[in-house]
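The structure under discussion appears below in the form of structure tokens.
The values are calculated or read from the model by the stated rules, or taken from the named source; none is laboratory data. Quick caveat, the model's predicted, so the values are computed rather than measured. Backbone-built Cβ (ideal geometry, glycine too); neighbour counts: all protein chains shown. Areas reflect the complete protein model, heavy atoms only, side chains present, ligands, DNA and RNA absent. Shrake-Rupley method; radii C 1.70, N 1.55, O 1.52, S 1.80 Å.
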Amino acid sequence: MRASRLPAVKTLGQFDFAFQPSIKREQIESLHELGFLDRRENIIFLGPPGVGKTHLAISLAIAAAESGRRVYYGTLTALIESLVDAKAAGQLSRRLRVLTHPALLVVDEIGYLPVSQDGAVLFFQLINARHERASTVLTSNKGFEEWGGVLGDEIMATALIDRLLHHCHIVNIRGNSYRMREHQNLMRSASEQRHEEAVL
Ligand code: ADP
Ligand code: MG
């Protein structure tokens, strides 16, 4: 756990399924039984900001760590930065080995920040190295058709997606941001209040 660089502790128990009805509870619970790790399958969480993609990716990583497996977390940007730095230092193959080793790698936030051309190539190498060796859990606010734009290369994005989807669970989340829920309640009560005033 300490070496995993998880940004927060988020567990399955803390996840409110009632708030996000587009998520199938049974699917998420069965993924937390971790059979996908033995089968070297990937998981991709897709959806707009705030719907719980990072939360569920982290809770899977925690479950995996608790089962004694090695896990590692990074945003796409941070992982690529570490690969670019390693390459500049002549340590690329070593860094690729380190990132290929964990039974579970979380690649968070694909799509928020653009990736340099060199960075995209290094990320492709990483996914290629992990393909059918170990599981990767990815999150993105962008649909697959937009990954070419994120990675700056349509053909490489297609090859990357092809590998990722070969053995993969896709969890498509449609719904409201959990971060905004209190705000929504405030807005609702304000508009209800206005409505009541208007009726009065
Ligand atoms: P995303 O990665 O999809 O942008 P996060 O997973 O970071 O969203 O969720 C935003 C915040 O809301 C986090 O603090 C997360 O723990 C919380 N959260 C999101 N969805 C739920 C949910 N259904 N139940 C409980 N907490 C949630
Ligand atoms: Mg997130």
Could you work out the relative contact order of the chain? I mean the mean sequence separation of Cα pairs under 8 Å and 6+ apart, divided by the number of residues, in percent. 31
For the pair Glu132 and Glu145, the simple spin-label estimate (label points 7 Å beyond Cα toward Cβ) gives in nm 3.0
In debye to the nearest 20, how big a dipole does the chain give about its Cα centre with +1 on each Lys and Arg Cβ and -1 on each Asp and Glu Cβ? 680
Identify all lysines with a Cα-Cα distance to Lys53 below 22 Å; exclude those on the same chain that are fewer than 8 residues away in sequence. Lys10, Lys24, Lys142
Listed residues Met1, Met180, Met156 arranged by accessible area, highest first, probe 1.4 Å: Met1, Met180, Met156
Ranked output for segments 169-175, 72-78 by mean other Cβ atoms within 10 Å, highest leading, reads 72-78, 169-175
With the cut-off at 1.5 for a/c, could you classify the stretch 46-146 from its C-alpha gyration tensor as rounded, prolate or oblate? oblate
Once label points are set 7 Å from the Cα along Cα→Cβ at both Arg181 and Phe19, what is their separation, rounded to one decimal in nm? 0.3
Between the stretch 23-69 and the stretch 109-128, the alpha-carbon center distance in angstrom: 22
Of Pro21, Pro48, Pro102, the most mobile residue in a GNM of the chain (C-alpha springs, cutoff 10 Å) is Pro21
Would you calculate a helix-derived [θ] at 222 nm for the chain, using -39,500 (n - 2.57) for each DSSP H run of n ≥ 4 and dividing by the full residue count, to the nearest 500? -15000 deg cm²/dmol
Just the number, please: Stokes-Einstein D of the chain in µm²/s, Kirkwood Rh from C-alpha pairs, 37 °C, 0.692 mPa s. 182
How much length is gained on full extension from Glu29 to Cys168, taking 0.36 nm per residue of separation minus their Cα-Cα distance? 48.4 nm
Which percent of the accessible heavy-atom area of the stretch 12-175 goes to carbon and sulfur, probe 1.4 angstrom? 50
Sequence of Thr158, Thr136 when ordered by accessible area, the most exposed leading, probe 1.4 angstrom: Thr158, Thr136
Per residue, how many Å² of accessible area does the chain show with a 1.4 Å probe? 55
Within 10 Å of each candidate Cβ there may be at most 13 other Cβ atoms; applying that plus a DSSP loop requirement, which GluC sites (Glu not before Pro) in the stretch 1-65 survive? Glu33
